[in-house]
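Step one of this worksheet: look at the structure below.
The values are calculated or read from the model by the stated rules, or taken from the named source; none is laboratory data. Quick caveat: nothing in here was measured; it's all calculated off a predicted structure. Methodologically, a virtual Cβ is constructed for each residue, glycine included, from the backbone with ideal geometry; neighbour enumeration extends over all protein chains shown.
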Amino acid sequence: MTETSNEILYCIGCGAKIQSENPNELGYTPESAVKKGLETEELYCQRCFRLRHYNEIADVSLTDDDFLRLLNQIGESDSLIVNVVDIFDFNGSVIPGLHRFVGKNDVLLVGNKSDLLPKSLKRSRIKDWLRQEANKQGLRPIDVALTSASKGYEIDNLLELIDKYRKGRDVYVVGVTNVGKSTLINRIIKQQTGISELITTSRFPGTTLDKIEIPFDDGKNLIDTPGIIHKQQMAHYLTGKSLKFASPQKEIKPKVYQLNEGQTIFLGSLARFDYISGGRTSVIAYFDNNLPLHRTKLQNADKFYEKHAGELLQPPTREELKKMPKLTRFEFKVSEKSDLVFSGLGWISLSPNTIVAGWAPEGVGVLIRKAMI
């Protein structure tokens with residue numbers, strides 16, 4: 001452990017304890033970089049430095065047990081919990097069993113990345129939908145807020161809600177990886193202090209590694225926690241070039257398809273949608289605007305995929321595809337207007353009284369939910 005005047009040092013980017021002994025462990029920073037960081041008051045671990053300057057990511061040895069320990073710690077505290085979810089990937093960004101860990105603490109639910117949804121959509125309706133979906137997960141949020149951390153939308157409103165509900169307590173900000181939690185914290189810090197990009201952020205899952213405390217004026221803290229890894233997210237199976245298709249940056253432009261029975265839509269070669277039966281119908285696809293969608297006949301779909309995956313059907317490339325799990329099929333009978341969700345990639349809005357199938361890499365969540373839009 002590196003200490004100066006018996007003081008333990010922490011990376012201001014990810015919160016890990018700074019150490020100069022083991023390059024493969026959390027918080028590694030060469031001694032020379034520690035001295036320079038202390039002089040400039042910008043002390044980053046080597047991992048955060050390379051991520052910030054070269055967009056490189058290194059594997060770290062943080063386990064599920066570490067996250068569970070942290071959640072238990074939060075449950076035992078007297079605090080306000082701000083649970084950040086990705087509104088574009090709600091089901092993939094819910095913390096499994098969070099309601100069991102919060103104890104008696106209030107939960108403020110924050111739907112981030114609201115700028116990705118069509119502007120025509122009423123925000124009050126989205127809030128109601130988020131509350132209903134949270135209730136299904138056992139969560140009873142005290143309030144619901146919508147934000148866009150990347151664009152800076154509604155940050156003032158969120159700060160007002162935090163101030164209203166924290167009642168002199170610490171505030172823990174929790175969320176799974178890739179929901180934009182650290183970007184949101186950076187926005188709050190900038191709004192409060194004028195300091196930009198203090199905490200390490202990227203498209204890569206899991207860039208905050210330990211608690212980061214930002215003090216309030218009353219001596220309490222806003223505490224950023226590591227992103228809990230939700231293994232059903234598509235982002236965990238993608239590499240740099242393909243990752244952008246699971247992290248949309250602009251407002252989604254829905255694509256409408258008129259389908260007959262026995263038609264398939266490929267989402268690059270990342271996933272696949274089969275329309276099996278239900279008569280002629282229309283479906284609406286909500287994915288990154290640059291993700292190529294390719295329609296073909298269901299009876300030829302398997303051979304078409306074998307021939308074109310990684311080439312005509314991209315992303316990913318054929319080389320990237322070799323490292324990905326094979327596509328797994330899930331079939332659903334749809335009785336009401338619903339969304340077929342590919343966790344972390346997007347969804348297809350469906351009409352009732354249809355039978356469909358969704359395919360995604362083994363381990364990625366595919367599910368039916370009540371239609372968001």
> How many residues are surrounded by 18 or more Cβ atoms within 10 Å (Cβ to Cβ) and either modelled with pLDDT under 55 or out of contact with any helix residue (DSSP H, G or I) (no Cβ under 6 Å at 6 or more places or on another chain) (or both) if we restrict to segment 177-197?
Replying inline: 10
>> Going by what's in this entry, would Thr296 be described as surrounded by 13 or more Cβ atoms within 10 Å (Cβ to Cβ), assigned by TED's automatic domain parsing to the domain that holds Asn353 and over 28 Å from the mean Cα position of the chain (by Cα)?
In response: yes
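Rundown of residues vs (1) among the basic types (Lys, Arg); (2) in a helix (DSSP H, G or I); (3) within 15 Å of the chain's Cα centre (by Cα); (4) not assigned by TED's automatic domain parsing to the domain that holds Asn290, yes/no style:
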position	(1), (2), (3), (4)
Leu70	no, yes, no, yes
Gly92	no, yes, yes, yes
Pro96	no, no, yes, yes
Lys104	yes, no, no, yes
Val107	no, no, no, yes
Ser124	no, yes, no, yes
Trp129	no, yes, no, yes
>> Restricting to segment 127-174, and then to whatever is crowded, with 17+ Cβ neighbours inside 10 Å and among the acidic types (Asp, Glu), can you tell me which residue is farthest from Gly75 (Cα to Cα)?
In response: Glu154
>> Name the residue that is surrounded by the most Cβ atoms within 10 Å (Cβ to Cβ), counting only residues in segment 71-126 that are over 26 Å from Gly168 (Cα atoms) and among the basic types (Lys, Arg).
In response: Lys113
> When residues of segment 271-291 are filtered for being within 25 Å of the chain's Cα centre (by Cα) and part of a loop (DSSP other than H, G, I, E, B), how many remain?
Replying inline: 4
>> I'm trying to understand the selection: among the residues of segment 260-280, which are in contact with an Asp or Glu (Cβ under 6 Å, 6 or more places away or on another chain) and either within 15 Å of Lys326 (Cβ to Cβ) or buried (at least 17 other Cβ atoms within 10 Å of the Cβ) (or both)?
In response: Thr264
> From the list Leu267, Leu209, which residue is at pLDDT 75 or above and of a type in the set (A, V, I, L, M)?
Replying inline: Leu267
> Looking at Ile355, Ile348, which one is more than 27 Å from Ile87 (Cβ to Cβ) and β-branched (Val, Ile, Thr)?
Replying inline: Ile355
> Restricting segment 292-323 to residues that are outside any helix (DSSP H, G or I) and in contact with a strand residue (DSSP E or B) (Cβ under 6 Å, 6 or more places away or on another chain), which is farthest from Lys337 (Cα to Cα)?
Replying inline: Leu313
